[in-house]
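Sending over a structure as structure tokens; questions will come in a sec.
Read-outs throughout are calculated quantities, based only on the coordinates presented, and are distinct from any laboratory measurement. In this text the structure is predicted, and so the values were computed from the model without any measurement. All Cβ positions, even for glycine, are placed from backbone atoms using ideal geometry, and neighbour counts span all protein chains on display.
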Amino acid sequence: MSTPLKHPRTFFILLVAVAGSLMCGLATASQAQNNIANELATFEQAVAAYREQDYDEAFALFRGLAAAGDADSQTYVALMYAEGKGVDTDVGL
């Protein structure tokens, strides 16, 4: 009787390696989903703070998301700089 590979132990090691790779991939995908959910929650908190005119809090939240590459947050940071909300102003200009 023949086995898929000449050595059953090699087949088992290969099977464990493939299973491990799949598990790591699932864990990474799950972590990515958690990160997206956390960023969305933080973005919603930032928008709520902006609407409540808590500009210091809104700016801090948007700035963190903007640094992570969130384009919408980058837009809010630029808007807040332009409007002078939640940022120090330079009256010397």
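Can you tell me the order of 69-79, 35-45 when each peptide is scored by its average per-residue count of other Cβ atoms within 10 angstrom, highest first?
So the peptides 69-79, 35-45, ranked by packing, come out 69-79, 35-45.
What spacing in nm lies between the two simple spin-label points modelled at Val47 and Asp90, each 7 Å away from Cα in the Cβ direction?
Each label point is offset 7 Å from its Cα along the Cβ direction, giving 3.2 nm.
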